Amino acid sequence: MTNALFNDNRVKLGVMAFNCSHGSTVTTADGVWTMTWEENLDLARMVDAAGLEALLPVGRWKGYGGETNFNNRTFETLTWAAAMAAITHYSTIFATVHAPLIHPVAAAKMAVTIDHVSAGRFALNLVAGWFKNEFDMFGHALAPHDQRYEYAAEWLSLVKKLWSADAEFDFDGAFFKGKGLWSEPKPLQSPRPPIMNAGSSATGHAFSARHADMNFAMLRQQTADSDRAQIARLKGMAADLGRTSQCWIHVYVVCRETEKEARDYLHHYVVEKGDDQAVANMIDIFGTQSATLSDDVLEAFKFHFKAGFGGYPLVGTAEQIVAGIERLSDLGVDGLLISWVDYLNECRQWIDQVLPLMEQAGLRKAFPG
Ligand SMILES: Cc1cc2nc3c(=O)[nH]c(=O)nc-3n(C[C@H](O)[C@H](O)[C@H](O)COP(=O)(O)O)c2cc1C
């Protein structure tokens with residue numbers, strides 16, 4: 001079976017962040033995601049049965065404070081992915097791995113284990129790290145920004161070698177050294193499981209272009225033309241290296257019978273019930289420890305951070321949402337990773353109301369099941 005990430009649907013879909021309390025919504029509104037294992041199972045089964053392409057966990061070790069202590073409760077993503085792999089049949093199961101926090105020899109083997117449990121449906125979302133407070137828990141200093149990506153590149157080259165080498169080898173890198181390295185079995189997927197990266201600085205983009213099959217982009221959302229140019233630049237950088245890179249983005253979704261209802265609910269959970277302190281902490285950390293967004297863009301992004309961790313809004317009726325997806329597809333977006341306030345009910349609604357309209361619009365084929 002080809003990994004679902006490479007099927008021929010024009011717009012691929014996944015659900016993200018449901019391994020974390022509050023998912024991606026920084027709000028005290030009723031019905032937010034408390035995050036239990038039972039809910040994770042129910043949601044994963046629903047998504048998988050509907051033929052969505054991806055389940056993606058956020059790699060998070062500590063909350064952001066504030067009233068919500070957003071993302072304070074999280075399931076670790078490799079063990080989460082192994083369990084998800086065992087109860088699903090179609091969707092690609094990601095794990096999000098911080099390169100500096102898991103040794104590549106261990107990570108390569110964990111990834112292969114999940115690839116076998118899932119019969120070849122594993123994918124790796126490799127992140128370089130940016131949240132100092134969680135690195136402090138490991139006694140790790142967060143390396144200078146660009147060095148994080150040199151480290152991640154060497155980490156990945158060692159993992160790929162472990163996935164492919166048919167004889168023991170020694171490794172003598174700048175960051176890793178080892179003798180008689182070996183890993184069996186190999187991944188089921190050939191040549192290897194897909195790799196995603198969410199680097200969004202210039203260095204992060206260069207890393208994605210060289211090493212990843214998909215960039216998980218943070219669109220700046222200033223104008224459609226600038227978003228189009230951002231995606232074209234990302235794909236162009238990969239093409240210059242003879243590679244193909246998909247562009248995936250995070251979308252936060254509010255779908256209601258009328259546009260007014262959707263906008264009112266968005267206003268309720270973001271403006272009336274948003275946790276400003278958690279977002280202030282997030283922006284402070286993200287602004288100073290990553291090199292992604294300038295201060296003025298970060299300020300404008302406060303709303304998007306509260307509404308959906310900096311994602312892109314899809315708000316309105318099912319028809320309006322599908323029109324919005326067509327616009328994103330025209331910009332060059334290949335895949336959407338979705339979050340909602342109330343994952344179980346709103347995902348069911350997406351499957352019942354939005355998915356059929358996407359099929360009618362030619363954005364996706366019906367899933368045979
Ligand atoms: C949509 C999206 C999802 C991300 N998910 C994670 C995550 O799960 N864990 C994490 O530590 N960082 C995550 N990041 C942060 C990125 O890996 C990256 O560090 C950040 O975008 C800053 O870019 P830079 O490292 O190129 O400066 C995410 C970023 C984006 C845009």
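Going 7 Å from the Cα of residue 263 toward and past its Cβ, which residues in the stretch 10-36 have a backbone nitrogen under 14 Å from where you end up?
Correct set: none at all.
Evaluate the relative contact order of the chain (contact order divided by residue number), counting alpha-carbon pairs under 8 angstrom at least 6 apart; express in whole percent. Write down the numbers at each step before the final one.
Details: 716 pairs, mean separation 83.6, N = 369.
After rounding, I find 23 percent.
Starting from the Cα of residue 177, draw a straight line to each of the aspartates and glutamates and keep only those under 12 Å, dropping any in the same chain fewer than 8 residues away.
Here the aspartates and glutamates satisfying the reach criterion relative to residue 177 are 154.
Helix-derived [θ] at 222 nm for the chain: sum -39500 (n - 2.57) over DSSP H runs of at least 4, divide by residue count, nearest 500? Please list the in-between numbers first.
Details: 14 runs with 154 residues, N = 369.
Value at 222 nm, helices only: -12500 deg cm²/dmol.
Run the Debye formula on the Cα coordinates of the stretch 171-256, all scatterers equal and no solvent, and tell me log10 I(q)/I(0) at q = 0.13, 0.18 1/Å.
Evaluating at q = 0.13, 0.18 Å⁻¹ gives log10 I(q)/I(0) of -0.58, -0.88.
Near residue 347, within a Cβ-to-Cβ distance under 13 Å, what is the net charge of the other residues, with Lys and Arg +1 and Asp and Glu -1? Could the numbers behind the result be given before it?
Numbers: positive: 45, 348; negative: 39, 42, 48, 342, 346, 352.
So the surrounding residues net to -4.
Size of the dipole of the chain about the Cα centre, Lys and Arg at +1 and Asp and Glu at -1 on the beta carbon, nothing else charged, in debye to 20?
Values: 32 positive and 43 negative charges, 171 e Å.
For this selection, approximately 820 debye.
If the reach is capped at under 19 angstrom between alpha carbons, list the aspartates and glutamates near residue 186, excluding any in the same chain fewer than eight residues apart.
Answer for residue 186, where 19 Å is the Cα cut-off: 115, 166, 168, 170, listed by chain and number.
Mind giving me the FRET efficiency for residue 62 and residue 146? R0 is 25 Å, r the Cβ-Cβ distance, nearest 0.05 is fine. Numbers along the way, then the final one.
Numbers: r = 24 Å, r/R0 = 0.97.
The calculated FRET efficiency here is 0.55.
Return the subset of 12/109; 12/365; 109/160; 273/306 for which the Cα-Cα distance in this structure is over 20 Å, preserving the input order.
Those over the limit are 12/109.
Roughly how tilted is helix 77-87, in degrees to the nearest 10 and between 0 and 90, from the longest Cα axis of the chain?
Helix 77-87 sits roughly 70 degrees off the main axis of the chain.
Loop-only chymotrypsin sites (Phe, Trp or Tyr not before Pro) in the stretch 51-145, please: DSSP not H, G, I, E or B, and at most 12 other Cβ atoms within 10 Å.
Values: sites: 61, 64, 70, 75, 80, 90, 94, 122, 130, 131, 135, 138; in loops: 61, 64, 70, 75, 90, 130, 131, 138.
Listed in order of number, the matching sites are 138.
When the Kirkwood radius is taken over all Cα pairs of the stretch 4-360, what Stokes-Einstein diffusion coefficient follows at 10 °C and 1.306 mPa s, in µm²/s?
Numbers: Rh = 20.6 Å.
Diffusion coefficient, whole number: 77 µm²/s.
Between residue 138 and residue 160, what FRET efficiency follows from the Cβ-Cβ distance if R0 is 30 Å, with the result rounded to 0.05?
On the way: r = 24 Å, r/R0 = 0.80.
Approximately 0.80, to the nearest 0.05.
Which one of 118, 157, 130 has its Cα pushed farthest toward the positive end of the charge dipole of the stretch 101-157, where Lys and Arg give +1 and Asp and Glu give -1 at the Cβ?
Result: 118, furthest along the dipole toward the positive end.
For the stretch 33-112, with only Lys/Arg (+1) and Asp/Glu (-1) charged at the beta-carbon, what is the dipole magnitude about the Cα centre, in debye rounded to 20?
The dipole magnitude comes to about 300 debye.
Considering every Cα-Cα pair within the stretch 1-138, what fraction, in whole percent, is farther apart than 27 Å?
Details: 2022 of 9453 pairs.
When every Cα pair of the stretch 1-138 is considered, 21 percent fall beyond 27 Å.
Please return the longest range in the chain lying between exposed loop sites, taking GluC sites (Glu not before Pro), DSSP loop only, at most 16 other beta-carbon atoms within 10 Å, and leaving the sites out. Numbers along the way, then the final one.
Numbers: sites that count: 67, 76, 168, 257.
Result for the longest clean stretch: 258-369.
What per residue convex hull volume, in Å³, do the alpha-carbon atoms of the stretch 80-151 yield?
Numbers: hull volume 6.7 nm³, N = 72.
Taking the convex hull of the Cα positions in the stretch 80-151, it is 93 Å³ per residue.
State the Kirkwood hydrodynamic radius of the stretch 115-173 in Å, one decimal place, computed from all pairs of distinct Cα atoms.
On the way: mean 1/r = 0.0720 Å⁻¹.
Value: 13.9 Å, from the Cα pair sum.
Once label points are set 7 Å from the Cα along Cα→Cβ at both residue 353 and residue 225, what is their separation, rounded to one decimal in nm?
3.5
Cα atoms only: what Rg and Dmax, in Å, come out for the stretch 219-369?
16.6, 48
Where a number appears in this text, it was derived from the coordinates with a stated rule and is not lab data. Just so it is clear, the model here is predicted, and its values are computed rather than measured. Heads up, the Cβs are rebuilt from the backbone with ideal geometry, glycines too, and the neighbour counts pull from every protein chain shown.
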